[in-house]
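Step one of this worksheet: look at the structure below.
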Amino acid sequence: MTEHPQLPPDTQQTGSALPPGYTPASLSPTEERNLGTIAHVVPAILLPLSAGTLGFVGSLVIYLMYKDRGPFVRQHAANSLNVQIITAILLLVSSVLMLVLIGFLAYPLVIVVATVIHILGAVKANNGEWWTPPLTPQIVR
């Protein structure tokens, strides 16, 4: 049985696994562009494949893992999450509207519009452009 090394005394008191003063390494502009693009491409693929239920996963993972490592990737991941939040709300409303049949048209329309917005976001991120998606309030920043 191997023994695990002890954390430094000051990290044991605070309960944090990170040493005090630790800041994650920042990303290069190319890495930020790639991650910003991925934050939009993954939902654009998962939205139609999962009928709107799994699109948020890629955005959330990128946001949580890289939000403190660069402003560009943070903004694009947050924008992607904002699109996903609005998409989820509209899909829920569309589901309720299926009782009066209009939801059967609205549901796929919401998925198509959200997918197009994510494709536009992926192109903007890949080009290194700052962008705020249309029709999307800034819930996550």
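Checked across segment 63-78, the condition of being acidic (Asp, Glu) and in contact with a Pro (Cβ under 7 Å, 6 or more places away or on another chain) holds for at least one residue. Here the condition is being surrounded by fewer than 16 Cβ atoms within 10 Å (Cβ to Cβ) and either aliphatic (A, V, I, L, M) or modelled with pLDDT of 90 or more (or both); of Val73, Val140, Val110, Val123, it holds for Val123 alone.
Among residues of segment 98-121 that are aromatic (Phe, Trp, Tyr), those with a beta-carbon under 8 Å from a residue that is surrounded by 20 or more Cβ atoms within 10 Å (Cβ to Cβ) at least six positions away or on a different chain give the pairs Tyr107/Gly52; Tyr107/Leu91; Tyr107/Ser94.
Can you name the number of the only condition in (1) free of Cβ contacts under 8 Å to residues at least 24 places away in the same chain; (2) in contact with a helix residue (DSSP H, G or I) (Cβ under 8 Å, 6 or more places away or on another chain) that Thr37 fails? That leaves (1) as the condition not met. Among the residues of segment 1-22, not a single one is modelled with pLDDT of 80 or more and either acidic (Asp, Glu) or within 17 Å of Ala114 (Cβ to Cβ) (or both). Do you know which of the residues in segment 43-57 that are at pLDDT 85 or above and under 9 Å from the mean Cα position of the chain (by Cα) is surrounded by the most Cβ atoms within 10 Å (Cβ to Cβ)? Here the answer is Pro43.
The values are calculated or read from the model by the stated rules, or taken from the named source; none is laboratory data. The model shown is predicted, which means the values in this text are computed figures rather than measured ones. Cβ coordinates were reconstructed from backbone atoms using ideal geometry, including for glycine residues, and neighbour counts include every protein chain displayed.
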